[in-house]
Amino acid sequence: MTQDKLLRITQMNAIFLDREIYKALMHIINDTSKFLPPGYIAPFEPEIGLIVRLALLKNSVCRSENTFGQQLLSVKYSNLSGTKKVLYVLGSCFEYVKNRLEMWNPSHKINNLTFKIQTVLVIMSFINMSIFLRNGVKPQLIERLLGLNQVYATENAPRHFESKYLARELLWNGFIDILIHMLPLINYHKIKRTLRHYNPLHKRPAYVVLNSRVMTMHSKCAYCGETPILPHHMGCAHIFCYVCLKGNQAADSKYECPICEHRNPNVLCDRVSVM
């Protein structure tokens with residue numbers, strides 16, 4: 001029986017799940033180490049990470065010919081021989097060897113060699129990912145180097161996505177990205193001031209213009225509510241942080257005091273004396 005072609009998202013989800021499983025185990029170890037003396041296991045963190053990674057591979061790839069992430073998605077390697085298993089495990093140790101070589105025998109020559117090797121691997125990984133996005137097979141560089149093929153482990157495993165689902169997800173993600181970039185650009189206080197100005201039921205509070213203001217230990221910024229940093233005022237009785245006041249005046253030329261709604265047409269920003 002011919003196996004259905006794996007979806008790209010299935011293969012990427014398997015990689016993501018493998019990374020999350022590793023992070024979860026390392027998080028448990030780090031939480032446990034909090035009860036030990038400070039810095040007790042810090043020198044051995046690379047070895048601990050390597051042991052965890054090797055334990056995961058031993059109980060997944062070496063036993064059942066698929067990683068734990070692939071097992072969760074009913075995916076496996078179809079041509080994983082004993083030699084390829086060994087090379088697959090050794091390939092996961094490069095980062096540890098690189099870090100330990102730089103620590104045990106620090107030299108300019110070794111650092112240059114490891115840097116060149118890592119640069120080549122990064123470039124090859126980028127090329128491999130580009131090929132994967134085009135062809136839909138072998139998302140990891142180690143899989144392409146060893147010629148590993150992924151197939152569904154069971155007959156009823158293939159998943160099919162309707163175009164409506166994908167379109168809805170893409171539309172929603174695009175909308176979230178737009179909100180993330182647009183919300184910081186919205187001047188909330190300017191909108192609030194404009195709505196208040198056109199509200200016929202709104203009554204402006206009375207304010208007092210003082211010749212001098214004195215900041216005390218109980219003074220709070222009229223904008224952020226914290227102790228004013230570089231206290232300044234805009235002509236009314238209230239005190240602002242310099243950044244709060246100047247930033248709002250730069251964003252809105254008709255900025256009003258949020259408490260008394262005083263507006264200074266000259267856009268003054270005078271310093272307040274401190275007791």
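Table for the structure above
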{"quantity": "Point-to-point label distance, K109-L25, nm (Cα→Cβ direction, 7 Å offset)", "calculated": "3.7 nm"}
{"quantity": "Whole-percent carbon and sulfur share, accessible surface of the stretch 1-115, 1.4 Å", "calculated": "65 percent"}
{"quantity": "Globularity index of the stretch 1-125, i.e. its alpha-carbon radius of gyration over 2.2 N^0.38 Å", "calculated": "1.27"}
{"quantity": "Potential extension, L201-Y96 segment - 0.36 nm per residue separation minus Cα distance", "calculated": "30.9 nm"}
{"quantity": "Sites V243 and K5, calculated FRET efficiency, Cβ-Cβ separation with R0 51 Å, nearest 0.05", "calculated": "0.35"}
{"quantity": "Exceeding the 19 Å Cα-Cα cut-off - candidates K84/K138; K34/K98; K203/K246; K58/K84; K23/K84", "calculated": "K34/K98; K203/K246; K23/K84"}
{"quantity": "For the stretch 1-112, size of Cβ-based charge dipole, Lys and Arg +1, Asp and Glu -1, in debye", "calculated": "280 debye"}
{"quantity": "In sequence order, calculated HN-Hα J values of the stretch 110-120 (Karplus, 6.51, -1.76, 1.60; Hz; x Gly/Pro)", "calculated": "5, 4, 5, 5, 5, 5, 5, 4, 5, 4, 4"}
{"quantity": "At R0 = 30 Å, FRET efficiency that the Cβ-Cβ distance of C62 and N149 yields, to 0.05", "calculated": "0.95"}
{"quantity": "Sites R134 and L54 - FRET efficiency at Förster radius 30 Å, r taken between beta-carbons, to 0.05", "calculated": "0.35"}
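The values are calculated or read from the model by the stated rules, or taken from the named source; none is laboratory data. Computed from a predicted model, the values in this text were never measured in an experiment. Glycine gets a Cβ as well: all are built from the backbone with ideal geometry, and neighbour counts include every protein chain shown. Note: accessible area is taken over every heavy atom of the protein model, side chains too, but ligands, DNA and RNA are not part of it. Shrake-Rupley method; radii C 1.70, N 1.55, O 1.52, S 1.80 Å.
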